[in-house]
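Here the structure is laid out as structure tokens; the discussion comes afterwards.
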Amino acid sequence: MELLNLYTAILRRKWLLIQAIIFFTVAGALTAMLLPKSYQASAKMAISSSDADMSILSDLGLQEMALSLSGASDDIQNHIARATTRPILEQVIWRLQLRDSDGQLLKSDKLLIPGLESMYLAPPYVEVKQYNGTDIITVTASSDNPDLSRLMADTLVRVYIADTQDQARKETRQAGLFVKDRMANIRTEFDKALMNISDIQQ
């Protein structure tokens, strides 16, 4: 009896139901047509370190400094955080001249958090995350232009690699200066010890 009443009620309101279906179908189609398309591109980079500096420093008894130079021993999240720092993102924005609707260069935080405008636009956006628990970082870029998305992902990877190499060279130079100072101190102490031995022998 209840099913019959329900069926009767649906029949009485069938035109209302049909109109609702047509309305939502048309609204969905128009939304899909009017909203800009968003294109994504990805680039991957492996986090590794050179063992040469580590072995040299470890042989000299400087294990702590060797560990500080090791990129592989760092938490992968540290590399992700470094890849999304303001200097890195600002270089990407400047190289690609990414601008907002007012013609101004994008702020670095807007490249990570597009804001409310992403609901009806497809602004430039990047995401950096770990790839399936490995020591590989994936950079995913999206925008309303497929070429721009690809350039954003590639440029961020290149900027980060160049910055990491510069940092590694700087740390290696600092380690070399530290070793030189230590060697000079050891040489001085060795000379003093030889002089003491000579005095004792005399």
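Here is the figure for the stretch 152-189: residues that are open to solvent by less than 90 Å² (accessible area, probe 1.4 Å) and in contact (Cβ under 8 Å) with a residue 60 or more places away in the chain total 17. With respect to the conditions (1) of a type in the set (Asp, Glu); (2) modelled with pLDDT of 90 or more; (3) more than 19 Å from residue 47 (Cβ to Cβ), residue 154 lacks only one, and its number is (3).
Just one of the numbered conditions (1) at pLDDT 90 or above; (2) buried (at least 17 other Cβ atoms within 10 Å of the Cβ) is not true of residue 147: (2).
Only helices (runs of 4 or more DSSP H) whose full extent lies in the stretch 18-129 are considered here, and the ones with at least 1 residues that are open to solvent by 70 Å² or more (accessible area, probe 1.4 Å), of a type in the set (S, T, N, Q) and at pLDDT 90 or above are 86-96.
For the stretch 109-126, the criterion of being over 13 Å from the mean Cα position of the chain (by Cα) and within 18 Å of residue 45 (Cβ to Cβ) is satisfied by no residue at all. Scanning the stretch 130-180 for residues that are under 17 Å from residue 88 (Cα atoms) and assigned to a strand (DSSP E or B) yields 137, 138, 139, 140, 141.
The values are calculated or read from the model by the stated rules, or taken from the named source; none is laboratory data. Since we're looking at a predicted model, the values are computed, not measured. Please note: Cβ atoms are built from the backbone with ideal geometry, for glycine as well, and neighbour counts cover all protein chains shown. The protein model used for the area step is the full one, side chains on, heavy atoms only, and it has no ligands, DNA or RNA in it. Shrake-Rupley method; radii C 1.70, N 1.55, O 1.52, S 1.80 Å.
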